[in-house]
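Inspection log for the structure reproduced underneath, given as structure tokens.
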Amino acid sequence: MNSRTHENQLLAYLALAAVCIIWGTTYLALRIGVTQFPPFLFSLIRFSVAGPLLVLFMLTLGKQTWPDRKTLFNQAVSGVLMTTLGTSMVGWGEVYISSGLAAVICSVMPVWTILINVIVLKDEKPNWIILSGLAIGLTGIIMIFSEHLNEFTNPLYIFGIVITFAGNISWALGSVWIKKKNQNTDPFLGAGLQMSFGAVALIPLSLAFDNYVAIRWTAEVGYALLYIIVIGSMAAYVCYSYAIKKLPMTVVSLYAYINPIVAVVLGWLILEEKLNLQIGIAILITIAGIYIVNRGYHLKSSGPTWLMTVVKGLKFSR
């Protein structure tokens, strides 16, 4: 690996780390916004501001050129899947469920990604180490929120869960689409285009489902919008687009495991939410799962696993 490649890999992992932290905080901001403001309109404002601003910046100061029609189509598909039917649906779900529960549901995203890649696309087939790591990480996430399972008896929670799962699956589909179709697009410009197209597709959803009578402009809504536009959308979305372009899809999807951990810690520090020994152990289990997945990809890229090497050696010795 030359120095240039090493530098790109380092930047990609730094970008992924930023996504892991930032998007862990946006569940709280999104929850504040959608409980006081129509959910689709909240997302529409978010993406209609962040997307065009990022596109304008890249076309001027970034010196990027306007993409061709095929690229625009691919970006539009990604934008609809990831912002309109992904993030915005999660925001709708958070009207009825807590931000922590939404984070838990979204942590399942790596599982959908693997199923899409392995069963549908038959690509990036994970080895047993990667699958073990994913299972361990998901076990840790379930342990973190196991004390909140009684809330599933509420019908409104069930509706919110279904909507959030739908958004989570759509986000996974959009992520796979980006990986396959948008490799030659600048990640910064691509992120702006995806948010812009997603905002356009949100207009009919907002008109159909939002209650405009319930609009309440408060300081909390304003701060939540400002944070989620600048940090949660522009900065984090660019980092995600860069990471997904440079790293394996299943590695990038691990951010979904870290986001709930960030949500738990922030809830403990800011809102004095519960953080006990069981939750602490669960966080360590989740981190262990993430390490195992990354280790599995390292072994996969460098050659056969040690177990396969031993088995092949035994066969040859016979």
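Every number here is computed from the coordinates shown, using simple stated rules; none is lab data. The structure displayed is predicted, hence computed values, not measured ones. Cβ coordinates were reconstructed from backbone atoms using ideal geometry, including for glycine residues, and neighbour counts include every protein chain displayed.
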* Give the angle, between 0 and 90 degrees and rounded to the nearest 10, that separates the Cα long axis of helix 277-302 from the longest principal axis of the Cα atoms of the chain. => 60
* Structure fact -> Here the residues of segment 129-159 lying in the modelled label zone of residue 274, meaning backbone nitrogen under 12 Å from a point 7 Å along Cα-to-Cβ, are 144-151
* Asked: Among [x] 34, 61, 6; [y] 27, 49, 22, 2; [z] 32, 57, 11, 1, which one is P(r) over Cα pairs in 20 Å bins from 0, in percent computed from these coordinates?
  -> [z]
* **Sequence ranges 35-48, 54-67, ranked by mean other-Cβ count within 10 angstrom, highest first** => 35-48, 54-67
* To do: In whole Hz, with x marking every Gly and Pro, tabulate ³J(HN,Hα) for segment 128-142 from phi via Karplus 6.51 cos²θ - 1.76 cosθ + 1.60, θ = phi - 60°.
  => 5, 5, 5, 4, 5, x, 4, 5, 5, x, 5, 4, x, 5, 5
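Starting with the highest mean, order 186-197, 230-241 by the number of other Cβ atoms within 10 Å, averaged over the residues of each peptide. Spell out each step's value before the answer.
Working: 186-197: 25.5, 230-241: 22.3.
Ranking the peptides 186-197, 230-241 by packing returns 186-197, 230-241.
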* **From phi via Karplus (6.51, -1.76, 1.60), per-residue ³J(HN,Hα) for segment 54-68 in Hz, x at Gly/Pro** => 5, 4, 4, 4, 6, 6, 9, 5, x, 6, 8, 9, 5, x, 6
* Structure fact -> For the chain, the longest principal axis of the Cα atoms and the Cα long axis of helix 255-270 enclose an angle in degrees, to the nearest 10, of 50
* To do: Give the shape of segment 32-137 as rounded, prolate or oblate, defined through the alpha-carbon gyration tensor: a ≥ b ≥ c are the square roots of its eigenvalues, a/c under 1.5 means rounded, and otherwise the shape is prolate if a/b is larger than b/c and oblate if not.
  => oblate
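In which sequence would 115, 28 go, from the one with the fewest C-beta neighbours within 10 Å to the one with the most? Present the calculation step by step, with values, prior to reporting the outcome.
Working: 115 13, 28 23.
So the ranking, lowest neighbour count to highest, is 115, 28.
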